[in-house]
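To start, the structure under review is shown below, and the notes come after it.
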Amino acid sequence: MSPEEQGWFVRVCYLDVVNEDTLARLFPAAIVQRVQDWFEREPSIRDPSAEAFRVRPLIRDKVLRYQALRSPQKHADLLAKAAAPGV
């Protein structure tokens, strides 16, 4: 993954379901489609057995626990944005 994609990866882990609507909570509108396209082509993190686009549960859990330890306030902010209903 490129450095840009690594940043996307961390943010995507905050979403229960990954699609253009949920990505808009965490990314500027101008790059939402790019992030969605990248996620769909990134099998190493995408859960292949899920009915919707999702990050593999084990990966997601580890990333979120790490982020909570590394930057508690940023973690809380991203959790709130990810849970926001609507854009």
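The values are calculated or read from the model by the stated rules, or taken from the named source; none is laboratory data. The model shown is predicted, which means the values in this text are computed figures rather than measured ones. FYI the Cβ positions are ideal-geometry reconstructions off the backbone, even for glycines, and counts take in every protein chain you see. Note: areas computed on protein heavy atoms with side chains; ligands, DNA, RNA excluded. Shrake-Rupley method; radii C 1.70, N 1.55, O 1.52, S 1.80 Å.
Below are the figures for this structure:
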| read-out | value |
| --- | --- |
| Residue-by-residue Karplus 3J(HN,Hα) for segment 5-18, coefficients 6.51, -1.76, 1.60, Hz, glycine and proline x | 5, 5, x, 4, 3, 4, 5, 4, 4, 6, 9, 5, 10, 9 |
| Net charge of neighbours whose Cβ lies under 10 Å from the Cβ of Asp16, counting Lys and Arg as +1 and Asp and Glu as -1 | +2 |
| Within the accessible area of the chain (1.4 Å probe), percent carbon and sulfur | 53 percent |
| Kirkwood hydrodynamic radius over Cα pairs of the chain, then Stokes diffusion coefficient at 25 °C and 0.890 mPa s, in µm²/s | 188 µm²/s |
| Neighbour cut-off at most 12 other Cβ (10 Å), DSSP loop, trypsin sites (Lys or Arg not before Pro), segment 5-57 | Arg41 |
| Förster-model FRET efficiency, 22 Å R0, Ser71 and Gln33, C-beta, rounded to 0.05 | 0.20 |
| Computed Kirkwood radius, in angstrom, where 1/r is averaged over Cα pairs of segment 17-60 | 10.7 Å |
| Neighbourhood net charge (14 Å Cβ-Cβ; Lys/Arg +1, Asp/Glu -1) for Arg34 | -4 |
| Residue-normalised accessible area of the chain, given per residue in Å² at a 1.4 Å probe | 63 Å² |
